[in-house]
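One structure below.
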Amino acid sequence: MFQSLEEIIKRSEESGLPFWKIVQEDDCRESNITAEESFERMKGMYRAMVESVQSYDAKLRSASGLVGTEGAKVHEYRKEGRLLAGDFIGTIMERALMVAESNACMKRIVAAPTAGSCGVVPAVLTSVQEVRKFSEEQMAEALYVVAGIGGVIAERASLAGAEGGCQAEIGSASAMAAGGLAYLMGGDAETIAHASVLALKGLLGLACDPVAGLVEVPCVKRNVIGAVNAVTSADMALAGVISRIPPDQVIDAMRSIGRNMPADVRETGRGGLAATPEGIEISRRIQM
């Protein structure tokens, strides 16, 4: 596992290998498998993400009744041509909702990096594949980039809301999706790193405050924020915009912020939106 994005960038520059291949080689060493085996496993992961989008049930609601049908609502609104955000961003919005809702409804998803943030990466990657006609092989390569970024965040900070707040879940997922998207659009290792931390910077300090302790409110809709943020961050990096704070230092700042967050906004369900009058009332009704 890499300890820094700078390490991946440096190895890519020295070897001439792309970001994804550097990550794949590391995976092969750690898992003691061949490059072919690793690649097939990654393609299987991407297929599972595609399936998590395609298997969405527009009529299904979670056991609590708090979430469900929202993805379908955005889909219909988009089909009517009424979305201010446009068709591409609208597709990403609806898919982020669909996959996150499916998680709350106990359907199969890919935790990327967590179940609470599972809608971000699939929404971004499946949508751009449809528009730009990338092959399944290219999408698997992008997933190595996604995984490499997530691995560095896990090593330097955290991917757990209980430890770092929602910045560690939605923030990390957004960073991972931005990096994968930057790769697909032709970005080199340095551009990928900047895309990822531009996304992360925008979500630093995000509280983890699930109502009634469930990964539903506000978690599902936050997947939309993470997904759209990933697209704008990738576009900035591809245009030449960089993070003035070096990428690894951004991740270190995330770690520091997470450690300074009160426990009430780190997945305990005691603070933030969970502590509002309506949040408390929802919790009471569910417990009854």
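The values are calculated or read from the model by the stated rules, or taken from the named source; none is laboratory data. From a predicted model like this one, the values you see are computed outputs, not experimental measurements. Cβ placement follows ideal geometry from the backbone for every residue including glycine, while neighbour counts extend to all protein chains displayed.
Kindly check whether there is at least one residue in the stretch 217-236 that is of a type in the set (D, E, K, R) and farther than 30 Å from Ile8 by Cα. Spell out the reasoning first.
Here is the first cut: in the stretch 217-236, the ones of a type in the set (D, E, K, R) are 221-222, 235.
Then keep just the ones that are farther than 30 Å from Ile8 by Cα; that gives 221.
Looking through the stretch 217-236, at least one residue is of a type in the set (D, E, K, R) and farther than 30 Å from Ile8 by Cα.
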When only residues in the stretch 252-288 that are polar (S, T, N, Q) and part of a helix (DSSP H, G or I) count, which is modelled with the lowest pLDDT?
Gln287
Filtering the stretch 68-88 down to residues that are assigned to a helix (DSSP H, G or I) and of a type in the set (A, V, I, L, M, F, W, C), which residue is surrounded by the most Cβ atoms within 10 Å (Cβ to Cβ)?
Val74
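Looking at the stretch 1-37 only, could you name the residues that are under 12 Å from Val152 (Cβ atoms) and crowded, with 17+ Cβ neighbours inside 10 Å? Reasoning before the result, please.
Of the residues in the stretch 1-37, the ones under 12 Å from Val152 (Cβ atoms) are 1-9, 19, 22-23, 26.
If the condition is that a residue be under 12 Å from Val152 (Cβ atoms) and crowded, with 17+ Cβ neighbours inside 10 Å, then Phe2, Ser4, Leu5, Glu6, Ile8, Ile9, Phe19, Ile22, Val23, Asp26 are the ones that fit.
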In the stretch 7-52, the residues that are of a type in the set (A, V, I, L, M), under 22 Å from Leu125 (Cβ atoms) and assigned to a loop (DSSP other than H, G, I, E, B)
Leu17
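Conditions tested, residue by residue: (1) closer than 22 Å to Glu6 by Cα; (2) under 15 Å from the mean Cα position of the chain (by Cα); (3) free of Cβ contacts under 8 Å to residues at least 60 places away in the same chain.
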{"site": "Gly180", "(1), (2), (3)": "yes, yes, yes"}
{"site": "Lys201", "(1), (2), (3)": "yes, yes, yes"}
{"site": "Pro210", "(1), (2), (3)": "no, no, no"}
{"site": "Asn260", "(1), (2), (3)": "no, no, yes"}
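Can you give me the ranges of the helices (runs of 4 or more DSSP H) entirely in the stretch 89-206 with at least 3 residues that are surrounded by fewer than 21 Cβ atoms within 10 Å (Cβ to Cβ)?
Working: elements: 120-132, 136-156, 161-164, 170-184, 189-201.
Filter on the stretch 89-206 gives 120-132, 136-156.
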